[in-house]
Amino acid sequence: MRKEQLAMQLKEVQDIIANAKKPFNNQVTLVAVSKTHPVEDIEAVYQCGVRDFGENKVQELMDKYEQLPKDIRWHMIGHLQTNKVKYIIDKVALIHSVDSLRLAQEISRQAVKKSVTAHILVEINTGDEESKFGVSFTEVAELVEEIAKLPNIVIEGLMAVAPYVENPQENRQYFVKMRDLYVDIIGKNIDNVNMNVLSMGMSGDYEVAIEEGATHVRVGTGIFGQRDYSIS
Ligand SMILES: *Cc1c(COP(=O)(O)O)cnc(C)c1O
């Protein structure tokens with residue numbers, strides 16, 4: 001049965017996370033990436049105790065938000081257009097994909113309007129062609145300083161999408177670079193910045209990401225199985 005299968009796959013991921021070496025004593029939050037998967041599957045994983053779910057499309061996130069329990073913490077992990085911020089600003093716990101001052105300004109503006117605090121991560125472009133979005137390593141500190149001045153928006157950390165690779169060890173170099181950058185920005189002691197989230201690692205490489213200090217891993221396929229884009 002589907003429910004048992006999901007519970008088993010989730011358990012496997014949770015065990016790998018629990019047993020992963022954590023030389024940085026990082027506590028790890030599993031974000032179950034539910035994009036393209038039906039609400040029934042999300043409910044099954046929810047019933048196993050998971051409360052953090054990730055979506056990459058505004059419309060899909062809104063639809064699922066309406067249908068599912070309100071104690072779910074929704075993570076926006078996909079590219080976000082400024083004109084769609086208003087639809088999700090009061091529905092998401094964390095926006096992982098902030099990659100420009102313009103987007104941050106709009107998030108701040110909508111957060112003020114709805115009297116909420118927006119929690120965000122700055123998305124880093126690892127320099128590989130597969131990370132289509134995100135800011136370059138050299139631009140991050142300046143962007144963080146600018147965003148920190150805006151009202152009703154709190155920078156919680158950094159996020160990256162590493163390239164797709166057969167051997168996850170190949171991505172270790174990106175995770176190390178991300179952690180260095182993260183530590184670097186913490187060291188700058190920028191006002192209103194409380195870096196505590198390092199969102200990196202997906203189904204193929206989350207164990208390596210945890211070994212290099214990830215605090216949030218975004219796992220879709222490992223929990224829900226392959227995505228079928230033909231039906232959505
Ligand atoms: C889809 C997606 C994931 C999950 O990918 P899997 O390989 O299925 O685990 C993680 N992060 C982002 C930004 C995604 O778009």
**Message:** Among the residues of region 170-215, what is the count of those that are in a helix (DSSP H, G or I) and within 30 Å of residue 151 (Cα to Cα)?
**Reply:** 11
**Prompt:** If you go through region 1-23 one residue at a time, how many are touching a Leu at 6+ places or on another chain (Cβ under 9 Å) and surrounded by fewer than 18 Cβ atoms within 10 Å (Cβ to Cβ)?
**Reply:** 1
**Request:** Within region 185-226, work out how many residues are touching a helix residue (DSSP H, G or I) at 6+ places or on another chain (Cβ under 8 Å), open to solvent by 70 Å² or more (accessible area, probe 1.4 Å) and at pLDDT below 95.
**Result:** 3
**Prompt:** Just to be sure, is residue 123 open to solvent by less than 30 Å² (accessible area, probe 1.4 Å) and of a type in the set (Asp, Glu)?
**Reply:** yes
**Request:** Could you please let me know if residue 13 is modelled with pLDDT of 95 or more, farther than 25 Å from residue 211 by Cβ and assigned to a helix (DSSP H, G or I)?
**Result:** no
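The values are calculated or read from the model by the stated rules, or taken from the named source; none is laboratory data. These numbers were taken from a predicted model, which means no experiment stands behind them. When we count neighbours, we look across all protein chains shown, and the Cβ atoms used for this are built from the backbone with ideal geometry, even at glycine. To get the accessible areas, we keep the full protein, side chains included, count just its heavy atoms, and leave off ligands, DNA and RNA. Shrake-Rupley method; radii C 1.70, N 1.55, O 1.52, S 1.80 Å.
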